[in-house]
Amino acid sequence: MTSFKGLMTATDSLGVEKHMYTFIKRDTQLQVMQVVKEQVMRALTTKPSSLDQFKSKLQNLSYTEILKIRQSERMNQEDFQSRPILELKEKIQPEILELIKQQRLNRLVEGTCFRKLNCRRRQDKFWYCRLSPNHKVLHYGDLEESPQGEVPHDSLQDKLPVADIKAVVTGKDCPHMKEKGALKQNKYCIWTDGLNALLGKDMMSDLTRNDLDTLLSMEIKLRLLDLENIQIPDAPPPIPKEPSNYDFVYDCN
């Protein structure tokens, strides 16, 4: 490989470490630039509020620290791809899917308010649908305005036995589906997942895949915790008092 005689200084007014290289090879130069880029990008991900704070983050991300971070990330990635971890994932995945299924069915039992489209594709009315507690009947009906809470089953005029549902048709296969944005809504994903679960079919929405990945990762990390010489209490901790308000709660509906 061809080498060159020169001097390269990887530095700037932001405090990135200074490096001098004489007779360095081209691939070494690229490696240095990658480290400098990583220093800047990792410092930016912390969202520093000032230039001084940004400089401080850069100073903490030395070349040695970057190598340690890379090694740690690589080891974690290799650990989660090892055969024992993959076997553990395969073992606990059915439990996680059952948990997601129960959550979807519970949401159907609670019910959801949808906007109703008229013949001109205008959203001027509402309709509400909810699953019976025994999971055998869907109750639905029109509403003049969006409800503030759950709508009782008795207030919903129409019924559809779950046994009469043959299949759930979505996307391009559904003649009534023209709003592409609805495919990305959590409300849509929850109901398609719930209906497929009622029919004994797989839940295939993006929301289910994301929930499965998140819960699997959390469960595996919990099971891999080193709890040696750590005393685990027999009784759960007491439930704290309710907050003075719930302004921080986000309504997924």
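A few points about this structure:
Condition check ((1) in contact with a Phe, Trp or Tyr (Cβ under 7 Å, 6 or more places away or on another chain); (2) at pLDDT 90 or above; (3) surrounded by 15 or more Cβ atoms within 10 Å (Cβ to Cβ)) across all residues:
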{"residue": "101", "(1), (2), (3)": "no, yes, yes"}
{"residue": "105", "(1), (2), (3)": "no, yes, yes"}
{"residue": "111", "(1), (2), (3)": "yes, no, yes"}
{"residue": "114", "(1), (2), (3)": "yes, no, yes"}
{"residue": "129", "(1), (2), (3)": "yes, no, yes"}
{"residue": "144", "(1), (2), (3)": "no, no, no"}
{"residue": "147", "(1), (2), (3)": "yes, no, no"}
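- Residue in the range 1-17 that is among the polar types (S, T, N, Q), loosely packed, with under 13 Cβ neighbours inside 10 Å, at pLDDT 80 or above and not in a loop (DSSP other than H, G, I, E, B) present: no
- Every condition in (1) of a type in the set (D, E, K, R); (2) open to solvent by 80 Å² or more (accessible area, probe 1.4 Å); (3) at pLDDT below 80 is met by residue 70 except one, and the failing one is (2).
- Exclusive hit being at pLDDT below 80 and either at negative phi or not in a loop (DSSP other than H, G, I, E, B) (or both), set 53, 77: 77
- Residue in the range 56-67 that is modelled with the lowest pLDDT, counting only those that are touching a helix residue (DSSP H, G or I) at 6+ places or on another chain (Cβ under 7 Å) and either exposed (fewer than 10 other Cβ atoms within 10 Å of the Cβ) or part of a helix (DSSP H, G or I) (or both): 63
- With respect to the conditions (1) modelled with pLDDT under 80; (2) open to solvent by less than 80 Å² (accessible area, probe 1.4 Å), residue 139 lacks only one, and its number is (1).
- Scanning the range 197-216 for residues that are without any contact (Cβ under 8 Å) to a residue 40 or more places away in the chain and more than 18 Å from residue 107 (Cα to Cα) returns 213, 214.
- Members of the range 187-229 found to be in a loop (DSSP other than H, G, I, E, B), open to solvent by 50 Å² or more (accessible area, probe 1.4 Å) and of a type outside the set (A, V, I, L, M, F, W, C), listed by number: 200, 201, 202, 226, 228, 229
The values are calculated or read from the model by the stated rules, or taken from the named source; none is laboratory data. What you see is a predicted model, and the numbers here were worked out from it, not measured in a lab. All Cβ positions, even for glycine, are placed from backbone atoms using ideal geometry, and neighbour counts span all protein chains on display. Just so you know, the surface numbers come from the protein's heavy atoms only, side chains and all, with ligands and any DNA or RNA stripped out. Shrake-Rupley method; radii C 1.70, N 1.55, O 1.52, S 1.80 Å.
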